[in-house]
Amino acid sequence: MPVSDQSARPTRSDQPVPSPRHPTHSVDRAFLNLERRRPDVRWDAGGVAYLSGPPPTLADLRAYVGFRLGELPLLTSRVEGGRRLRWQPDADFAVDRHVHEVVAEGPAAWDSALYTALNAPFAPGAYWGVWLVHGHAPDAYAVCYRFHHACQDGSAAAMTFRAMLGEGEASARPVPGQRRRAGVPRRVGAAVGLATKFVVGSLAVRGHRPDAVFVPSGERRLWRGRVPADTLRRIGTARGGSAHDVHLAALAGALSVWSARSGVPLPRVTAVLPVDARRPDEEQTWGNRCFALPLELPVRTASHHPDGSHDGDASLRRLDEVMTRTRKLRGEAWRQAIQDLVRFMPGRPTEWYLRRVLSPRVTNVMATSMPLADKGSLGETQVTGTALLPLLVPGHLFGVGLSFFGDWAEVSFVADRALPLGELLPELWEQAVGELEESSAPV
């Protein structure tokens, strides 16, 4: 397979992107310190691309990745320095330490091969890794990409996807507009108000000690579902919201049913939402520029009337509740405030806030979404599906990711193997989207 042939697809520039010494951001340092404080925890995220066609050899994939790395200088860098940490070129970088292979011994071994890629440790000193997963079929394979969160956030990882497998589309991430913005005093006031709101929100549950619903095994699992992306957009538009609002409302509905079936009580579900805070002109490939916002999901919205009959409007009430809580987050002023916070907040408050908002006392689900690309390929093979691998925080139920690829909105649930009935979550989410579609259809 000609993946090592550099002419197999056009380059995006005649010269590789230079690898300058780049200062670490306060969010980078916060995740680095989290890793030092909790070395037993896997502070990594990533994604899986599923491809149709014969898989490349490991040697070909390493050659291909090595060629593409010219456009992704962060991935060939390392953190160095004392009090002033900086990303700088890694003189000892070797592709072979980052690109690996997992071979399934026939169709029945596909799941175990994929789980090996999900749970494999990084090579010593490596911040990221790629695993080629194949052997279950002659014309299908997967590429799993994982990274330390100190190295990248979701938007930077999506940029990596587009550089490696996409067709060069620009990101569809929402950013503050280029028009004239509010003056400095007003922006400072908005940023301080936003910080105060979420700090107070995290302190309000200081005494909350969530009950453990299972004993973690330490092994992650991945479950997937999908619906047409236009379905989410159409439902959201009809109610004055977004596709992401619909996703969160469907997640709340799915969790309500899952709780009843699994026997796991959910008196409260609060999701942590990563928000990209890069400026419009800011490089996407370097480090973290995300802010984590807690959002309570309406899982306790009653699905039945007092007489026991099904309430067909319950799903729309969930959507309206989600939209009420996210309306400010979609606004220009709050996006600018988030951007200012991430840009100027000092290191220690940033780390303190991240520790608080990721604590299961404050949140118990990681929920992220990302537009990836319209299409993708590796040599002559085509990407047919994707799955995000959100950060799985100790004490959280799971991480859920929504990726937009081609015509599909693909949901992925990453959880510990011991989560009761975790395999039901994608189907329940799809069913909840179906209920929203039926309830929002014109009569």
Quiz item: What's the carbon and sulfur percent of the stretch 393-435's accessible surface, probe 1.4 angstrom, rounded to a whole number?
Solution: 50 percent
Quiz item: Just in the stretch 313-414: which chymotrypsin sites (Phe, Trp or Tyr not before Pro) are loop by DSSP and have at most 13 other Cβ atoms within 10 Å?
Solution: none
Quiz prompt | Counted charge near Trp110, where neighbours are those whose Cβ lies closer than 14 Å (Asp, Glu -1; Lys, Arg +1) | solution = -1
Quiz prompt | P(r) histogram, all alpha-carbon pairs of the stretch 345-417 included - 5 Å bins from 0, percent | solution = 3, 16, 18, 15, 15, 13, 10, 7, 3, 1
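Give me the number: length gained by fully extending Thr57 to Ala260, i.e. 0.36 nm times residue separation minus the C-alpha to C-alpha distance, one decimal in nm. Display every interim value, and only then the final one.
On the way: separation 203, 0.36 × 203 = 73.08 nm, distance 4.61 nm.
Answer, rounded to one decimal: 68.5 nm.
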Quiz item: Amide H to amide H under 5 Å from Gln382: which residues, 5+ apart in sequence or cross-chain, H placed 1.01 Å off N in plane?
Solution: Ser52
Practice problem: Report, largest value first, the span of the C-alpha coordinates of the stretch 259-418 along each principal axis, in whole Å. | Solution: 56, 48, 35
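The values are calculated or read from the model by the stated rules, or taken from the named source; none is laboratory data. What you see is a predicted model, and the numbers here were worked out from it, not measured in a lab. Neighbour counts run over all protein chains shown; Cβ positions are idealised from the backbone, glycine included. All accessible areas refer to the heavy atoms of the entire protein, side chains included, with ligands and DNA or RNA removed. Shrake-Rupley method; radii C 1.70, N 1.55, O 1.52, S 1.80 Å.
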